[in-house]
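Taking it in order: structure first as structure tokens, then the write-up.
Quick note: the coordinates plus some simple rules give every number you see, no bench work behind them. Just so it is clear, the structure is predicted and the values come from calculations on it, not from any experiment. All Cβ positions, even for glycine, are placed from backbone atoms using ideal geometry, and neighbour counts span all protein chains on display.
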Amino acid sequence: MASILIKGGTIVNYDKSVEADILIKDNKIEDIAKKIKHEKAFKINAKNKFIFPGAIDPHVHLHLKTSVGYSADDFYTGSLAALAGGTTTLIDFVTPNRGQSWIEALAERKSEAEKCLIDYSFHMSPTWWGENSADEMLQCIKKEGISSFKVYLAYKDSIGIDDSTLLQVFETAAKNKALVTLHCENGDIIDKLRKDAIKNGNISPRYHFETRPSESESDSVFKAINMSKILKCPIYIVHVTSQESLKFIKNAKKNNQLVFAETCPQYLMFNDSVYKQAGFKSAAYVMSPPIRTKKDQKALWDSLSSNIVSSIGTDHCPFNWNQKEIGESDFTKIPNGAGGIEHRLKMLYSFGVLKEKITLNQMIELCSYNPAKIFGLSNRKGYVKEGMDADLVIWNPNIKSKVSINNHFQNCDIDIYEGIETVGIPETVISKGIVAIDSGSINVGNLKGEFLYRKEFKKNDFKK
């Protein structure tokens, strides 16, 4: 593999920015210096451009099996869309059937992910608890390199768990120094509201929003924080959407509790007006939790600059219109999810950095450094320095573009960001030392993602 020399760019890490050259050799960053000479290296001119560590998306659902078929992106198309957006590592999920061995489910999921173009890992999702579950959790941590376990407090009729199972997960994870991640919604309240809505003839997508009130999220967040405090288990709350949830998280952090929070671009970019569209158009925005109010949206932006939210994932889970339309006469049957894996950096740069809501360094912290640190990848990912994986994004801050289903990479005929104009693009994306994307041209023929063995979660890494 030929060496690559990136000349004249500004390296942007979470803590500092510096102008320097970067030499890549054998999939790694070999040297960083003010001026590097290497006559035989393939040279890339990065003058007047930024160089980011490849973004890490800690929350995606590729090739997800649902009642309406699989989600629109498999691991190939989803990872291609990721690359196009400057993401070079993703973390998906293993969701065992109830009664199924977690290790067996993991083997099946690895097989499904074989065509992934970028490095990847999984969160294990305990959907049930049996006599071997504690041993399987330990095996995931020690032998499989999976250090995070995602539970659902909604969807009680399928993958959600009750409090007794949550207690087992917390206790075992705390004992084995693992991280528990949580989808926080009160499933019992939501199930009642949904049944009442349908009974009363309220069938449109608007009622997806109406039947999942912000209180159902914040109530669940409050419970999770209290249980984790009692059981001394670190937690990571996914896709936070409400200002009340943020208050609970802020208070827990103030009391030095190890609580991490994630939000997603869709909650930063939109408000509940998307559910007031005519006809069935609002179905594109049916996701859980739903998009909230303008007040919640502002609170989320504020939480990024104040470090209440630690990371930004996408919850990438797109469905095509023919799949969404299965719920045309019953909103509860609309598959939950939307795409976004290729738009995250563009949205944050255009509407966060350029609007001075966050700094460029904070964007890198939220999308690269913190996900790497929290999920045991900081020895390889999330920071541009010598010895790290050669996963890099050369960002051109001057090019304008517009999101369109006509040119996006995700394998879906819906794009919730359709028509949005952005500034700045991931002009060149390097994955594992290979130039995969360059000015719109694609070179992924030699790319093959690696299943990442992640380090165990260590509380001391997060002490002040």
Over region 1-155, what number does the Rg to Rh ratio reach, with both radii from the alpha-carbon atoms and Rh per Kirkwood? 1.10
Relative to 2.2 N^0.38 Å, what does the C-alpha radius of gyration of region 55-380 come to as a ratio? Two decimals please. 0.93
The long-range amide H neighbours of Ala338, using H built 1.01 Å from N in the peptide plane and a cut-off of under 5 Å, are Cys317
A chain fully extended from Lys400 to Asp302 at 0.36 nm per residue, minus the present Cα-Cα distance, gains in nm 32.7 nm
Counting only GluC sites (Glu not before Pro) that sit in a DSSP loop (anything but H, G, I, E, B) with at most 10 other Cβ atoms within 10 Å, what is the longest stretch of the chain containing none of them? 132-355
Given H placed 1.01 Å from N in the peptide plane, which residues other than close sequence neighbours of Lys28 have an amide H under 5 Å from its amide H? Ala390
Mind listing which trypsin sites (Lys or Arg not before Pro) in region 1-101 are in a DSSP loop and have 15 or fewer other Cβ atoms within 10 Å? Lys16, Lys34, Lys35, Lys37, Lys40, Lys47, Arg98
Return the ratio Rg/(2.2 N^0.38 Å) for region 302-426, where Rg is computed over Cα atoms only. 1.22
Gain in length, Ala174 to Ser158, computed as 0.36 nm per residue apart minus the alpha-carbon separation, to one decimal in nm? 3.2 nm
For the pair Lys16 and Arg98, what calculated FRET efficiency results from E = 1/(1 + (r/R0)^6), where r is the Cβ-Cβ distance and R0 = 51 Å, to the nearest 0.05? 0.60
